[in-house]
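The values are calculated or read from the model by the stated rules, or taken from the named source; none is laboratory data. Note that the coordinates shown come from a computational prediction; the quantities given were computed from them, not determined experimentally. For neighbour counting, all protein chains shown are included, and Cβ atoms are generated from backbone atoms with ideal geometry for every residue, glycine included. Protein only, heavy atoms only, side chains kept; ligands, DNA and RNA dropped before computing areas. Shrake-Rupley method; radii C 1.70, N 1.55, O 1.52, S 1.80 Å.
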Amino acid sequence: MKKNVLFVVAGLLLMTSCSHNMDFSQPEPQPQEPDKQETIKANVEKIFGVNFDPNQDWCTTQNGKVTITIDNPELKDVEKVQILTVSPFGNSDANGALSLNEKKAAYGQSVTLYYDAPKMYNRLYAACVMKNGEYYIKGFNVGEQNVVFTSNIAGARTRGTAGDFDLDELVKKLPQEPVLGGSEKSFNNSRNWSGWENDLLYSLSADDEAAMCLTIPDYTDDYRTDLYDALFNNYLKNKVDNIGKIKNSPYYMSNNNYPFTTDGDPIILAPVYKNDGIYHEIENCDIYYYYFKQEDIKNLSEEEQVLYLKSLPKYKAVELYTSIVDPYEMINNQIKRETAFALIYWGDGVPTSDTKGQYYFPEGYNIGFMLRSIDTPEKREKDGPIRDGEVYCDGRLNTDINKHGHFNTSGLQPTDPRMAWFWANGRKYLCCESGSDKDFNDIVFEVLGGIMVPPPPTIDQNKYTFCFEDTPIGDYDLNDVVIRAYRQDATHVVWQVVACGAYDELYIHNINGDVINSDTEVHHLFGKSGKVFINTESADPAKQLPIVEETVEVDEDFSFLKSDYQPYIMDKTNGAETHLSIKAQDPHAIMVPYEFRYPLEKICIKDAYTYFTLWAQGLSITDDENGFKWYTFPVEGKVSAVIPTLEITY
């Protein structure tokens, strides 16, 4: 039943929490003599200086189960399913997606997963993971018990198709020999900014431009919800500074933000979202594109590459002002995909008056994008052309505009991008920052066609940590025994004994491993006798003893909220048992979420985490978000070390 006993260096404490659920039994408070209860209460008030809310729930975890059905033929290469805390798309930072449980799966199956999740999440994500590491997700509310991956996720993505329609059939509806209507200087050129002296912008002829708007199928309601979840609820939230996430994205600076190449088929641009707020700059924007081959710039210096890209012809792709009125209305603050615009290959070099375009791009070209905004005449007369400018996905081309007029107020650095790539459920999106904030979701386009291979996201397991006081009259440093655990998959849990800040003879119950069990004293696990502190006296990683780790086989309906599986401490020195704290008790044993660093020896939890007392007084996340997430604000010098964990292979 038990296997894989390992000894590893003490690691980064990624932890999650515990709460009570009516489906699982909780241990009853142990009866205590009235005098002892009063002594404990007096000690708590003395140490914390406040009276705790008598209804304070010391646990912050919920549990559930969900059945995932896979009936989409596109997912025939599915390898496993997972339950995730957040969308894995674009979340490469420390607050990225964590797995709550996983199980092997195959196309056509229905798989049930049990999970524990922090209460801060009202919505979780079911994920189908392909053999190549690609992810498909669907969001679901906590409490929902069924998630179905249907054929409407993304559609077939074979050569010559783009999701749910055929590219060949689409471009047959367009003018078959489009011609250019003329050119004009860019704003960069007109302002005599260095390197832009030859920068020209080209438009289609009036007749061709009027006929370029294609009607395409809108998203299903399910997919629209999934996209909104992945993009706006997780990655590029509205009115939030998102430039850090973008710079951590695997696509940022991928060949300087050129992460996809042409494959011989058409490239289609479909507007799917705009967010004007009280501004209307988006309605005055056009999107342009340019193209080149990597071989054209690979031997150039950085400065020479930038000059080369500045000199390339820029071609208008979508005139947003006309695209949001009849025949197409681009709804404000709502995902909607109804029209598309084909990019045209005009050959290489500078086009001439007799140049004819084609919709089939040769293979191997990178395509770059630029958004051009032009203020209304009324605003120009009032404020000057402060919103006239061209912003690029390639941040190296933004060094002048990011410091100019209205664009300067964003606070973006000179070489920061103004567009960001996003990949979700087999589709690629271009997200634009046209104005003065940094949320990068003013306009969103789906880019159909071409080749873009997303790097598989790195998903760690969600960790749970149990922190104990070994005596009823404690100092509340909550490090007398520290245990970490995570669910490796549906039938295996990994337990780690991390620290022991007590001299008493202590035993851990309910883990029932070959090494970590109720017969083995905690100090002995570390090769020590009693009367010694282990990993609680210093934040110096070099002074940490190896932690003890063991993988234990469990039933599929295992939950950390189930009393039979919750570890508790037996102190044979004083005969006391310490179970997880419940309502009406003091916080003598708690579970802690996030990257928790437990307090050092003799440092009270309230001093190591200054928001702890607020939370203990009954604050909820709606009252004070910092109080609810007290465990994310450690006081340096008063908490344990953050030590990289050695990679473990099971």
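Being part of a loop (DSSP other than H, G, I, E, B) and surrounded by 19 or more Cβ atoms within 10 Å (Cβ to Cβ) is the filter here, so list the residues in the stretch 538-553 that pass it. Result: GLN544, single match.
Residues checked against (1) within 21 Å of ASN425 (Cα to Cα); (2) modelled with pLDDT of 90 or more; (3) in contact with a helix residue (DSSP H, G or I) (Cβ under 9 Å, 6 or more places away or on another chain):
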| residue | (1), (2), (3) |
| --- | --- |
| ALA162 | yes, no, yes |
| GLU169 | no, no, no |
| LEU200 | no, yes, yes |
| THR225 | yes, no, no |
| ILE243 | no, yes, no |
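Scanning the stretch 442-469 for residues that are out of contact with any Cys (no Cβ under 9 Å at 6 or more places or on another chain), open to solvent by less than 30 Å² (accessible area, probe 1.4 Å) and not in a loop (DSSP other than H, G, I, E, B) gives GLU446, VAL447, LEU448, LYS463, THR465, CYS467, PHE468. If you go through the stretch 50-101 and pick out every residue that is in a loop (DSSP other than H, G, I, E, B) and farther than 22 Å from TYR228 by Cβ, you end up with 15. The set of residues from the stretch 413-423 being within 21 Å of ARG191 (Cα to Cα) and open to solvent by 10 Å² or more (accessible area, probe 1.4 Å) comprises GLN413, PRO414, THR415. Just a yes or no: is a residue in the stretch 431-441 within 25 Å of LEU98 (Cα to Cα), surrounded by fewer than 23 Cβ atoms within 10 Å (Cβ to Cβ) and in contact (Cβ under 8 Å) with a residue 60 or more places away in the chain? Looking through the stretch 431-441, at least one residue is within 25 Å of LEU98 (Cα to Cα), surrounded by fewer than 23 Cβ atoms within 10 Å (Cβ to Cβ) and in contact (Cβ under 8 Å) with a residue 60 or more places away in the chain. Can we say ASP286 is touching a Lys or Arg at 6+ places or on another chain (Cβ under 8 Å) and among the charged types (D, E, K, R)? Answer is yes for this residue.
Yes/no per residue for (1) open to solvent by 10 Å² or more (accessible area, probe 1.4 Å); (2) modelled with pLDDT under 95; (3) within 19 Å of ASN43 (Cβ to Cβ); (4) more than 35 Å from the chain's Cα centre (by Cα):
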{"position": "THR471", "(1), (2), (3), (4)": "yes, yes, yes, yes"}
{"position": "LEU478", "(1), (2), (3), (4)": "no, no, yes, no"}
{"position": "ILE483", "(1), (2), (3), (4)": "no, no, no, no"}
{"position": "HIS492", "(1), (2), (3), (4)": "yes, no, no, no"}
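The residues of the stretch 292-304 that are open to solvent by less than 50 Å² (accessible area, probe 1.4 Å) and without any contact (Cβ under 8 Å) to a residue 60 or more places away in the chain amount to a single one, ILE297. Residue-level analysis places TYR136 among those that are at negative phi, modelled with pLDDT of 90 or more, in a strand (DSSP E or B) and surrounded by 15 or more Cβ atoms within 10 Å (Cβ to Cβ). Among residues of the stretch 529-551 that are at positive phi, those with a beta-carbon under 9 Å from a residue that is of a type in the set (Gly, Ala, Ser) at least six positions away or on a different chain give the pairs ASN535/ALA10; ASN535/ALA499; ASN535/GLY501; ASN535/SER640; ASN535/ALA641. For the stretch 210-257, residues that are open to solvent by 60 Å² or more (accessible area, probe 1.4 Å) and among the acidic types (Asp, Glu) total 3.
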